[in-house]
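Trainee: Structure below; questions to follow.
The values are calculated or read from the model by the stated rules, or taken from the named source; none is laboratory data. Please read these numbers as outputs of a predicted model, since none were measured by experiment. We place every Cβ from the backbone using ideal geometry, glycine too, and count neighbours over all the protein chains shown. Ligands, DNA and RNA are excluded from the accessible area calculation, which covers all protein heavy atoms including side chains. Shrake-Rupley method; radii C 1.70, N 1.55, O 1.52, S 1.80 Å.
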Amino acid sequence: MALPREFPPLSAEQVVGSTCTRLAGLGSEIRRMFLLGEERRRERPGSKLIDLSLGNPDLEPPEAVLKALIEVASEVLPGAHRYMDNAGYPEVRAFIGRSLSHTEGVLLGENNVFLTCGAAGGIQILMRVLLDPGDEVVLFAPYFSEYVPYSVNMGAKPVTVPTDDAHLPHPHALEAALTPSTRLVILNSPNNPSGVVYPRATCEALFEVLRRHRERTGRVVHVLSDEPYANLIFKPSDYVPLLPLYDALWVVRSHSKDLGLAGERIGYLAWGKALEGASTLGALRNAARSMGFVNAPALMQRLLPKVFDARVDTGVYAERVRAFCDILAAGGVSCVRPGGTFFVFPKSPVLDDRAFSQALLEKGVLVVPGSGFGKPGYVRCSLSRPLEEVKEAANIYVLAYKAMQKEADKLF
């Protein structure tokens with residue numbers, strides 16, 4: 001028998017296309033810090049490292065979710081695991097539409113919902129529908145870092161708009177950023193990385209800017225409200241439904257965080273009556289097909305109606321955030337207190353947040369520089385660790401902050 005032929009290795013230029021190479025240049029600070037943490041574990045086996053880098057929820061799915069999952073998986077239904085409409089099962093879409101009608105204050109039905117492979121899948125499907133090469137996508141910093149490669153992947157240009165010291169967008173800043181090429185504005189509340197919840201007045205002011213822009217230019221700017229943490233708001237009264245406030249608005253959600261199902265990739269897009277044209281679902285179906293998503297997982301679709309109102313214990317995240325922020329405040333570290341999520345976005349003692357993140361890593365705490373979220377001078381801490389570790393990390397943070405601040409003061 002002849003030995004298999006050995007082929008010489010191909011170069012990176014022969015393997016990786018220009019688009020992928022360009023995306024690689026937009027490397028994720030989250031992944032970079034995670035890999036640095038892995039390197040430290042290899043180099044210092046046995047040393048403790050409190051990993052606050054990845055936004056990977058640690059709370060397990062509620063018992064009701066696990067029981068329902070067993071029930072759904074045990075059902076013997078002909079065709080239950082075959083392909084279906086790219087938009088998802090009609091009965092599940094109708095259920096979500098009815099449920100959102102109560103929470104969002106608008107009448108939604110089957111034709112206002114598209115089931116997706118998590119929120120990320122929904123965002124990319126919608127971008128494929130809305131964006132043409134050269135279009136601009138407005139991102140309020142701090143923003144979820146993956147919005148940048150998502151936009152670039154569609155040939156669009158991400159435009160960063162700064163927020164104030166409370167990490168809230170300002171209408172004047174938005175107005176200054178709008179051009180004839182602006183096509184999409186992304187809102188993310190509760191926000192990743194800051195945990196800040198945008199007040200109703202802030203959102204209404206932003207929408208008014210977009211309406212005036214439409215009157216002047218005739219250009220409709222769409223809004224994508226990315227809401228994977230909508231059910232992790234600490235005070236339910238802080239929740240602001242946006243669908244009634246702006247006509248060209250799309251909501252994307254997933255159940256990665258509120259049901260502890262991050263690895264199952266189930267979410268949806270929803271939109272109001274103004275966007276309910278005859279071609280809307282068809283365009284989304286074609287986008288999903290062209291990108292290879294095809295449809296959301298059948299098992300997870302059938303699970304959703306059974307567990308839609310279930311939740312992980314948000315109080316666990318709220319307690320971690322409170323404890324972390326209390327320790328930072330007592331140590332003189334500035335930090336806007338989050339209104340939801342399990343993220344905290346405190347100040348770095350120096351603008352070079354990468355240097356401070358490296359200093360924290362040396363002391364056994366892994367965080368992500370705010371530069372990766374478009375707002376240097378801060379770091380993101382993902383409190384998906386037990387409370388005692390969160391407190392320990394906060395105390396280390398304060399010590400490292402004061403030490404670096406003292407060194408910086410010597411230079412001036």
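Trainee: Which GluC sites (Glu not before Pro) does the range 198-285 hold that lie in a coil by DSSP with at most 15 other beta carbons within 10 Å? Each step should come with its number before you reach the end.
Mentor: On the way: sites: E204, E208, E215, E264, E276; in loops: E276.
Passing both the DSSP loop test and the Cβ count: E276.
Trainee: So, one more: If you take the Cα Rg of the range 173-280 and divide it by 2.2 N^0.38 Å, with N the number of residues, what do you get? All intermediate terms of the calculation are to be shown ahead of the outcome.
Mentor: Details: Rg = 14.9 Å, N = 108, 2.2 N^0.38 = 13.0 Å.
It is 1.14.
Trainee: By accessible area of protein heavy atoms, probe 1.4 Å, what ranking do D85, D51 get, highest first?
Mentor: Per-residue accessible area, sorted high to low, gives D85, D51.
Trainee: OK, next. Give the lysines whose C-alpha is closer than 16 Å to that of K375, dropping any in the same chain fewer than 8 places away, or say none.
Mentor: K347
Trainee: Over the range 59-169, average the accessible area per residue using a 1.4 Å probe and give it in Å², no decimals.
Mentor: 43 Å²
Trainee: Which aspartates and glutamates, if any, have their Cα less than 14 Å from the Cα of K391, not counting same-chain residues under 8 positions apart?
Mentor: Within reach: D51, E319, D326.
Trainee: How much area per residue is accessible in the range 254-412 when the probe is 1.4 Å and only protein heavy atoms are counted (Å²)?
Mentor: Values: 6210 Å² over 159 residues.
Accessible area per residue, the range 254-412: 39 Å².
Trainee: Right, here's the next one. Would you indicate which of [x] 21.2, 68; [y] 22.5, 75; [z] 22.4, 62 is the value of Rg and Dmax of the Cα atoms in Å derived from the coordinates of this structure?
Mentor: [y]
Trainee: Could you state the number of Å between the C-alpha centres of the range 72-138 and the range 202-254?
Mentor: 18 Å
Trainee: For S348, what accessible area in Å² do you get when you roll a 1.4 Å probe over the heavy atoms of the protein chains, rounding to the nearest 10?
Mentor: Only protein atoms counted, so the area is about 10 Å².
Trainee: May I ask you to evaluate 6.51 cos²θ - 1.76 cosθ + 1.60, the Karplus curve with θ = phi - 60°, for each residue of the range 375-390 and list the ³J(HN,Hα) values in order in whole Hz, giving x for glycine and proline?
Mentor: Per-residue couplings from phi come out as 9, x, x, 9, 9, 9, 10, 9, 8, 9, 9, x, 4, 5, 5, 4 Hz.
Trainee: What aspartates and glutamates does K67 reach when the alpha-carbon gap must be under 16 Å and sequence neighbours fewer than 8 apart in one chain are set aside?
Mentor: The reachable aspartates and glutamates, counting only those whose Cα sits under 16 Å from K67, are E75, E264, D309.
Trainee: Next question. Stokes-Einstein diffusion coefficient for the range 254-408 at 4 °C in a medium of 1.567 mPa s, Rh from the Kirkwood formula over Cα pairs: what value in µm²/s?
Mentor: Numbers: Rh = 18.4 Å.
It comes out at roughly 70 µm²/s.
Trainee: Kindly report, to the nearest 10 Å², the accessible surface of L399 as traced by a 1.4 Å probe over protein heavy atoms only.
Mentor: 120 Å²
Trainee: Taking all protein chains as present, what is the carbon and sulfur share of the accessible area of the chain, in % to the nearest whole number, probe 1.4 Å? Before the final figure, lay out the partial values.
Mentor: Numbers: 10280 of 18520 Å².
Roughly 56 percent, rounded to a whole number.
Trainee: Mind jotting down the distance between the C-alpha centroids of the range 43-67 and the range 359-412, whole Å?
Mentor: Distance between centres, Cα-based: 19 Å.
Trainee: With springs connecting C-alpha atoms under 10 Å apart, model the chain as a Gaussian network and identify which of K67, K363, K375 has the largest mean-square fluctuation.
Mentor: Maximum fluctuation in the GNM of the chain, among the listed residues, is at K67.
Trainee: Related question: Report, largest value first, the span of the C-alpha coordinates of the range 84-229 along each principal axis, in whole Å.
Mentor: If we take the Cα atoms of the range 84-229, the spans are 44, 33, 32 Å.
Trainee: How large is the dipole of the chain about the Cα centre if only Lys and Arg carry +1 and Asp and Glu carry -1, each at its Cβ, rounded to the nearest 20 debye? Provide the component values of the computation, followed by the final result.
Mentor: On the way: 45 positive and 45 negative charges, 75 e Å.
In total the dipole reaches around 360 debye.
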